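Notes follow the structure.
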Amino acid sequence: MQSNKSAEPLKVLSVSPVEEDHLSLEAIVGHSTWKLFKAQRLSAALAVLRQQDISVVLCERDLMPGSWIDMLENIRELSHPPSLIVTARLADERLWVEALNLGAWDVLAKPYEPIEVLRSVKIAWQHWYHQEPVSSAGMRLMRAAS
C-alpha cells in the first residue's frame with residue numbers, strides 16, 4: 001500500500017568506492033529527512049538492498065569489481081526495484097544514452113551539484129513511489145514477453 005510508503009523517509013543508497021562521493025552526498029542530504037545508506041562495493045550494496053526498502057540508488061559507473069550495469073541487473077530482480085542514477089566524473093553523452101537505454105533513471109556528473117542531486121533524486125523517488133511492486137513470478141513473465 002502506498003500510504004505506508006509515504007510515512008517512511010526516502011531511502012537513498014550511495015554505491016561508490018570513493019569515500020568523497022559518500023561525504024558529498026551526506027552534506028547534500030544531511031539536512032533533509034532522507035536516510036542515506038552507503039556501500040563501497042557491489043556485494044555490500046546488495047546486502048543493503050536485501051535489508052532495506054531503498055527507493056533510489058546512486059551508483060558510480062565503475063565499481064571494481066563490476067559496474068553500474070551489474071547493479072542494474074541485480075536491482076531488476078527485486079520485487080520493487082529502486083530507481084538507479086549513474087554517477088561519473090565524466091558523464092558524457094555516450095554514458096547518458098547508454099544508461100537511459102539500459103534502464104537507469106538518470107546520470108549525474110561529479111563533483112555533485114547539490115541542486116542537481118536533489119532534483120534527480122526527488123524525481124527518481126517519485127518514479128519509484130508510483131511503481132507497483134511486482135511478484136517474482138510476474139517479473140519472469142515480463143522478461144519472457146520482452
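Points to keep in mind about this one:
- Subset of the stretch 75-93 (residues that are surrounded by fewer than 19 Cβ atoms within 10 Å (Cβ to Cβ) and assigned to a helix (DSSP H, G or I)): E93
- Picking from residues in the stretch 48-74 that are in contact with a strand residue (DSSP E or B) (Cβ under 8 Å, 6 or more places away or on another chain) and either part of a loop (DSSP other than H, G, I, E, B) or among the basic types (K, R) (or both), the one that is surrounded by the fewest Cβ atoms within 10 Å (Cβ to Cβ) is Q52.
- Qualifying position, being at pLDDT 95 or above, in contact with a helix residue (DSSP H, G or I) (Cβ under 7 Å, 6 or more places away or on another chain) and of a type in the set (V, I, T), among V48, V86: V86
- Scanning the stretch 23-32 finds one or more residues that are at pLDDT 95 or above, among the polar types (S, T, N, Q) and out of contact with any helix residue (DSSP H, G or I) (no Cβ under 8 Å at 6 or more places or on another chain).
Okay, residues lined up against (1) under 23 Å from D53 (Cα atoms); (2) without any contact (Cβ under 8 Å) to a residue 60 or more places away in the chain; (3) among the polar types (S, T, N, Q); (4) in contact with a Pro (Cβ under 8 Å, 6 or more places away or on another chain):
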{"residue": "L72", "(1), (2), (3), (4)": "yes, yes, no, no"}
{"residue": "E77", "(1), (2), (3), (4)": "yes, no, no, no"}
{"residue": "T87", "(1), (2), (3), (4)": "yes, no, yes, no"}
{"residue": "A91", "(1), (2), (3), (4)": "no, yes, no, no"}
{"residue": "A109", "(1), (2), (3), (4)": "no, yes, no, no"}
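- Qualifying residue in the stretch 15-22 (condition: under 15 Å from the mean Cα position of the chain (by Cα), polar (S, T, N, Q) and in a loop (DSSP other than H, G, I, E, B)): yes
- Scan of the stretch 94-112 for residues that are surrounded by 14 or more Cβ atoms within 10 Å (Cβ to Cβ), in a loop (DSSP other than H, G, I, E, B) and not hydroxyl-bearing (S, T, Y), ordered by number: G103, A104, W105, K110
- For first residues located in the stretch 46-61 and under 24 Å from L100 (Cβ atoms), partners that are charged (D, E, K, R) and assigned to a helix (DSSP H, G or I) and lie 6+ apart or on another chain with Cβ distances below 7 Å form the pairs E60/D21.
The values are calculated or read from the model by the stated rules, or taken from the named source; none is laboratory data. All figures in this text were calculated on a predicted structure; none of them were measured in a lab. Here the Cβ is made from the backbone with ideal geometry for all residues, glycine too, and neighbour counts use every protein chain on show.
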